[in-house]
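Here the structure comes first, spelled out in structure tokens, and everything after it is commentary.
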Amino acid sequence: MQKKYVLIIIGLAALISLILVTKEITKSKERVTLYSWKSSAWEEKKEHLFEIIEERKITDLYQDFTAAFLKEKNDSFIKELNEKNVDVFYLTGDPEWGRTTDAKDIIKEIDKVVEFNNSVKNKIKGIVFDVEPYQDLEDGEFKESMLKTYKEAMEKGYTYAKEKGLMYIICIPSWYDKVNPSLLKEIIKNADRIELMNYAIKDSIENIKTEMSYAKELKKEITNIYQVNFNYNIDEDKERDGIFYSYREMHNNFKKIQKKYNYEKLWIGYHYFDKM
């Protein structure tokens, strides 16, 4: 009888150990993304970048590399980041790329990464497209037909990126479901990760329920991005309907989003490095 109890205790201990290990593995896969639009990130501000990466526990850097950087095929910057367990992605985009269905400019950007990766040891993991076709419209109205054109362009980009073995990430606002929810679902379907520009404080949790629902259904990664801008005068900001003004506010809000949607592929992201 005593031997039986000992075996039960050993079994329970093994089970608890397995649960703890599984939790740790799951935790280690959590991603924290950071946007960086300027070459200063790998030039004069590199040390500051590394400090931010450590402080905010960044796992994925989205960097807008210059044409010169990509042509030079020097992977030392990427190597330094990989040694810090940070994956590097090429950040790029233009509103015009989402206004035509041929996706030729999107494919050109993918080819730049492929050419770079073919010549170096430390590779760019994927590409992040910040394509906002609703920007600077003459009449200011973003129509359903425009969203359909965007969807088709991004879909072609996704297919091509998958052929080239690259992770394909796209940035979208939190209101495409108001234009056409079916098209939004197709957009989410044709990406590995969705970066959701959910910047405003007002309705920031309920505002993304459609996107979260589709991401969960399609088993896609989704990042809730926070706009970083700490240069403000709180006395002049009575309404507080704008962006979040501290990391504490961002993290408290993100915890509420996590609790609300309970999705293991939901990440946090910061836009952008030069404001941090």
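Quick note: the coordinates plus some simple rules give every number you see, no bench work behind them. This is a predicted model, so every value here is computed, not measured. Every residue, glycine among them, receives a Cβ derived from its backbone with ideal geometry; neighbour counts consider all protein chains shown.
Measuring from label point to label point, each 7 Å out along Cα→Cβ, what is the GLU249 to LYS71 span in nm?
The two pseudo-label positions are separated by 4.3 nm.
So if each residue of separation counts as 0.36 nm, and I subtract the Cα-Cα distance between SER213 and LEU137, what length gain in nm does that give?
Details: separation 76, 0.36 × 76 = 27.36 nm, distance 2.95 nm.
Fully extending the segment from SER213 to LEU137 adds 24.4 nm.
Over the chain, how many percent of alpha carbon pairs lie in each 5 Å bin up to the one with the longest distance?
Taking every Cα pair in the chain, the percentages come to 1, 5, 11, 15, 16, 16, 13, 9, 5, 3, 2, 2, 1, 1, 0, 0, 0.
Counting only residues 5 or more places away or on other chains, whose amide H sits under 5 Å from the amide H of VAL228 once H atoms are built in the peptide plane?
Counting only residues 5 or more places away or on other chains, the set is HIS271, TYR272.
If each residue of separation counts as 0.36 nm, what is the full-extension length gain between GLU43 and THR100 once their alpha-carbon separation is subtracted?
Details: separation 57, 0.36 × 57 = 20.52 nm, distance 3.50 nm.
Here the answer is 17.0 nm.
Put +1 on the Cβ of every Lys and Arg and -1 on every Asp and Glu Cβ in the chain; which of ILE172, TYR263, LEU147 then has its Cα farthest towards the positive end of the dipole?
It is TYR263, whose Cα lies furthest towards the positive end.
Please compare each pair in LYS84/LYS255; LYS121/LYS219; LYS57/LYS79; LYS164/LYS265 to a cut-off of 21 Å on the Cα-Cα distance and tell me which ones are over it. Provide the component values of the computation, followed by the final result.
Details: LYS84/LYS255 26 Å; LYS121/LYS219 31 Å; LYS57/LYS79 18 Å; LYS164/LYS265 24 Å.
Going by Cα-Cα distance, LYS84/LYS255; LYS121/LYS219; LYS164/LYS265 fall outside the 21 Å limit.
How many nm separate the modelled label positions at LYS189 and GLU206, each set 7 Å beyond the Cα in the direction of the Cβ?
It is 2.9 nm.
Can you give me the Kirkwood hydrodynamic radius for the range 124-276, using every pair of distinct Cα atoms, in Å to one decimal?
Details: mean 1/r = 0.0606 Å⁻¹.
By the Kirkwood definition, the hydrodynamic radius is 16.5 Å.
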